[in-house]
Amino acid sequence: MKITSFNPFVVTEQVDDTIKLFEALGFERRHTKEGIEIADRDDTVIRMKDANGFYLDILQSNVEAEHGTAGIRMNVDDFDEAYQTLLRHGYQNAYGDETVNTKSSKAAMMRSPSGFSISIIQHIK
């Protein structure tokens, strides 16, 4: 398995304020992916990038956003291998046995026993 990108993500109800903060820090919106439906969630992801090439994802979700959370987004070239590796290290899929499958990607939010999250994503070419 190869990691193709690695960056932080923020889950928050305060999406507009969070975007404004990171815009003030030099980030620009790259794209928005809306209507990501999984289990009882309906998520929107705003991808941002700064002039140094650093990426940040801001996730608006109807789940867990009350207090906000942060984690790592990890794009991989082999979703199944990454998924199994994290399971072997005690991570659990936050969506139960489901994965997010869109036209352009397959993803899952994986949580460690301590609560740390890694969102694994494989882009479909």
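Data table
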read-out	value
The chain: relative contact order in percent, alpha carbon pairs under 8 Å with at least 6 residues between	27
Largest to smallest accessible area among His89, His31 [probe 1.4 Å]	His89, His31
Dipole magnitude of the chain about its Cα centre (Cβ charges: Lys, Arg +1; Asp, Glu -1), debye to nearest 20	520
Net charge of Cβ neighbours under 9 Å - reference Ile121; Lys, Arg +1; Asp, Glu -1	+2
Mean residue ellipticity (222 nm) of the chain, computed from DSSP H runs ≥ 4 via -39,500 (n - 2.57), nearest 500	-4500 deg cm²/dmol
Of Asn52, Pro8, Gln84, farthest towards positive along the dipole that unit charges on Lys, Arg, Asp, Glu beta carbons give the chain	Asn52
The chain: Cα Rg divided by the 2.2 N^0.38 Å rule of thumb	1.02
Cα-based reach from Lys103 at 27 Å (exclusive), listing lysines while leaving out same-chain residues under 8 positions away	Lys2, Lys33, Lys49, Lys125
GluC sites (Glu not before Pro), loop per DSSP, at most 16 other Cβ atoms within 10 Å - longest free stretch of the chain	14-63
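The values are calculated or read from the model by the stated rules, or taken from the named source; none is laboratory data. Quick caveat: nothing in here was measured; it's all calculated off a predicted structure. FYI the Cβ positions are ideal-geometry reconstructions off the backbone, even for glycines, and counts take in every protein chain you see. Surface areas here come from the heavy atoms of the whole protein model, side chains and all, with no ligands, DNA or RNA. Shrake-Rupley method; radii C 1.70, N 1.55, O 1.52, S 1.80 Å.
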